[in-house]
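To start, the structure under review is shown below, and the notes come after it.
The values are calculated or read from the model by the stated rules, or taken from the named source; none is laboratory data. It should be emphasised that the depicted structure is a prediction, and the values quoted were computed from it without experimental measurement. Note that each Cβ is placed from the backbone with ideal geometry, even for glycine, and that neighbours are counted across all protein chains shown. Please note that ligands, DNA and RNA were not included when accessible areas were found on the heavy atoms of the full protein model with its side chains. Shrake-Rupley method; radii C 1.70, N 1.55, O 1.52, S 1.80 Å.
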Amino acid sequence: QVQLVESGGGLVQAGGSLRLSCAVSVRTFSTYVMAWSRQAPDKEREFVAGIRATWSGGSTYYGGSVKGRFIISRDDAKNTVSLHMNSLKPEDTAVYYCAAGTRMVITPSAYFHWGQGTQVTVSS
């Protein structure tokens, strides 16, 4: 069973930074595509960033609204994936979810395993 636990959310002022982490309990972590998605109230879940398995190059992909401000990274030795969020805007306010899958796709529903989410609130 794959378990994902997010941490690092909170309240931050616009222009500030936050770092989210996701700990994944699975022996084959290094083989998974890892991604972050977010969901704001009354909105659909939105793909934020993804990172391929290290063995396939570990390349990254970002949603248009966060490209240039957010950075996704992974540490296969620690079974963790992180999301560094910079220049935060009030519209970044959402619950952020960590997800694991086998393909780099921007459709959140394509990912198999999900964490419970962590709230990020950006005040103006």
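For the residues ASP42, ASP76, ASP92, a GNM of the chain with alpha-carbon springs under 10 Å puts the largest fluctuation on ASP42. The 3J(HN,Hα) values that the Karplus relation (6.51, -1.76, 1.60; θ = phi - 60°) gives for segment 59-69 are, in residue order, 5, 10, 9, 10, x, x, 6, 10, 4, x, 10 Hz. Gly and Pro appear as x.
Using a probe of 1.4 Å, the accessible surface attributed to SER87 totals some 60 Å² when neighbouring protein chains are kept in position. The 3J(HN,Hα) values that the Karplus relation (6.51, -1.76, 1.60; θ = phi - 60°) gives for segment 74-88 are, in residue order, 9, 10, 5, 5, 10, 6, 10, 10, 10, 10, 8, 10, 10, 6, 5 Hz. Gly and Pro appear as x. Derived scalar couplings between HN and Hα for segment 109-124 equal 5, 7, 8, 8, 10, 9, x, 7, x, 9, 7, 10, 10, 10, 8, 8 Hz in order, rounded to whole Hz, by the Karplus curve 6.51 cos²θ - 1.76 cosθ + 1.60 (θ = phi - 60°), x for Gly and Pro. Mean silhouette area of segment 22-124, derived from the convex hull of its C-alpha atoms and averaged over all directions, reads 6.3 nm². Split the accessible area of the chain by element, probe 1.4 Å, and carbon with sulfur accounts for 50%. For a paramagnetic label modelled on PHE112 (point 7 Å from Cα along Cα→Cβ), amide N atoms under 16 Å away belong, within segment 53-90, to 53-54.
Think of a 1.4 Å ball rolled over the protein heavy atoms: the chain then has 53 Å² of accessible area per residue. Straight-line reach from LYS89: taking Cα to Cα under 20 Å and skipping same-chain neighbours fewer than 8 places apart, the aspartates and glutamates in range are ASP42, GLU44, GLU46.
For segment 20-44, the residues whose amide N sits under 15 Å from a probe point set 7 Å from the Cα of ARG103 along the beta carbon direction are 33-34.
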